[in-house]
Every structure is written in C-alpha cells, then in structure tokens.
Amino acid sequence: MSTFGLRKRSRRIKLRSAQFALLTVLASVVIAIAASPPQTQNKTIEWSKSPVGSNRETVAPSLQLFRQIDDVQIEQILADGKPVNIGEPFVGRDDNWLKTITIRVKNLSYQHLKTVQLTLILPKLYPGSPQVIYCYGCAEVEREKGIAPGETVELKMPGGDFYNFVVARVAEKTSLSEINKAEISHMYVTPPSGPTWYSGCVKTANPNTPCPYLKP
C-alpha cells in the first residue's frame with residue numbers, strides 16, 4: 001500500500017475514533033439525565049394579606065370571631081417531613097406537596113379542646129379554590145381524646161378520598177404542577193363548650209412569621 005493510502009486510512013481511523021468518543025460522551029449525558037431526580041419547584045405557604053377577623057366580618061352565632069387566635073399556637077409546619085416557614089419558599093418534592101403538609105399546634109389555653117382545623121386555599125384558583133383542610137379531631141378517635149392544656153398535636157389532611165377531591169377540583173382549572181402557593185384562609189378551634197373560635201390568624205412560635213392582622 002502506498003504512503004498516500006496509509007495516510008488516508010489513518011485519517012479514517014482517527015475520524016471513527018473521534019465519532020465513537022463523541023457518541024460515548026452523549027450516551028453518558030443521556031444516562032445521567034435519566035438517572036437524575038425529577039425537577040422540583042419552589043412552593044410557599046403564606047398568610048392572607050387580608051385575614052379573616054380584620055375586616056369587620058359578621059359571622060354566625062355558632063362562631064366567635066377573633067382578629068387572632070392566641071390560645072393555640074402554630075409550633076411548626078412541615079412539608080414532606082422538613083420544616084418550612086410561613087412566607088418563605090421551600091422545595092416541594094413533587095406535585096403532591098399539599099398532601100405531605102403537617103402542622104404542629106400547641107394548646108396554650110387552660111381548656112381541653114376538642115378539635116383544631118386549619119384551612120388553606122390556592123390563590124391560583126381563586127375564586128373557586130377548594131378548601132384544603134388539615135385537622136386534628138376530625139377523626140373520631142382524635143375527637144374523643146381531645147387536646148389537653150399544654151399538649152401539641154399534628155394537624156394532617158383528612159384520609160379517605162379528600163385528597164382526590166382536591167386534585168379533581170384543581171384539574172377543573174389547571175394542572176397540579178402549576179400549584180406552587182397556598183394561603184392560610186382560616187382556623188377553627190372547638191372548645192369544650194360555647195361557640196367555635198374562628199380567625200384567619202393564629203399565634204406562631206416563630207416571631208419572624210407573624211400573621212398580619214390589624215390590631216385594634
């Protein structure tokens with residue numbers, strides 16, 4: 001074989017080697033992307049800018065309206081088991097982040113409370129947002145036990161088909177993946193007797209995340 005032929009063959013071998021190396025790199029990138037966790041999106045739980053109790057509302061006789069409920073206190077909010085602060089973005093693992101929320105609430109009163117319920121709404125769907133409920137005492141066994149003075153309990157989303165109901169309501173207007181913000185709508189607290197306490201604000205253990213209620 002001539003010197004020219006050898007050089008031509010050598011160039012073909014080098015070209016094939018370069019192409020093979022490029023394909024190897026591309027394959028590694030594809031595998032890395034496939035193996036990487038799904039993309040996450042920042043979520044936020046916020047106070048209402050105009051909380052219930054600060055707007056001279058009128059309520060049913062069965063309710064006692066407060067600017068802020070001070071006899072219970074939000075100790076901590078968890079999303080997927082990790083602490084989050086009201087008003088501060090956090091990373092939601094997936095579209096089902098609302099289902100993973102747990103709200104730890106302490107009874108600061110001298111009364112043995114029956115139930116505590118915190119309701120969120122989804123501003124992206126407002127008006128017409130479903131009420132996303134987190135409750136202690138909604139289940140019969142919890143309601144019978146109640147919440148002793150000084151006791152801390154965990155408010156969680158009701159079981160059964162409730163979450164499926166929320167998902168269905170969201171799907172009427174948008175995709176669940178578009179829901180990245182929830183707003184605190186109101187809290188109900190049921191004392192052993194008398195009207196149910198009702199407000200859009202509740203005391204918090206974290207002094208940096210107070211509810212913006214209008215003081216008299």
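For residue 155, the residues whose amide H sits under 5 Å from its own are 103, 104, 105, ignoring neighbours fewer than 5 places away on the same chain, with H placed 1.01 Å from N. Working from label points 7 Å from Cα in the Cα-to-Cβ sense, the residue 152 to residue 94 distance is 2.9 nm. Each 5 Å bin from zero holds the following percent of Cα-Cα pairs in the range 40-140: 2, 9, 17, 23, 22, 15, 8, 3, 0.
In the range 59-107, what chymotrypsin sites (Phe, Trp or Tyr not before Pro) fall in a loop by DSSP, with at most 13 other Cβ atoms inside 10 Å? Working shown, then result.
Numbers: sites: 66, 90, 97; in loops: 66.
In loop regions of the range 59-107 (DSSP not H, G, I, E or B), there are no sparsely surrounded chymotrypsin sites (Phe, Trp or Tyr not before Pro).
Near residue 123, once Lys and Arg are set to +1 and Asp and Glu to -1 for all other residues with Cβ below 15 Å from its Cβ, the sum equals +3.
What the phi angles of the range 70-85 give under the Karplus curve with 6.51, -1.76 and 1.60, with θ = phi - 60°, is a coupling list of 9, 8, 10, 9, 6, 7, 6, 10, 10, 10, 6, x, 10, x, 10, 9 Hz, glycine and proline written as x. Each 5 Å bin from zero holds the following percent of Cα-Cα pairs in the range 66-216: 2, 9, 18, 22, 20, 15, 9, 3, 1.
Local charge sum around residue 46 (other residues, Cβ-Cβ under 11 Å, Lys/Arg +1, Asp/Glu -1)?
Counting the neighbours of residue 46, the net charge comes to +1.
A short reminder: the numbers here are calculations on the coordinates, not readings from a lab. Given the structure is predicted, the values throughout are model-derived calculations rather than measurements. No Cβ is skipped: glycine too gets one built from the backbone with ideal geometry, and neighbour counts run over all protein chains shown.
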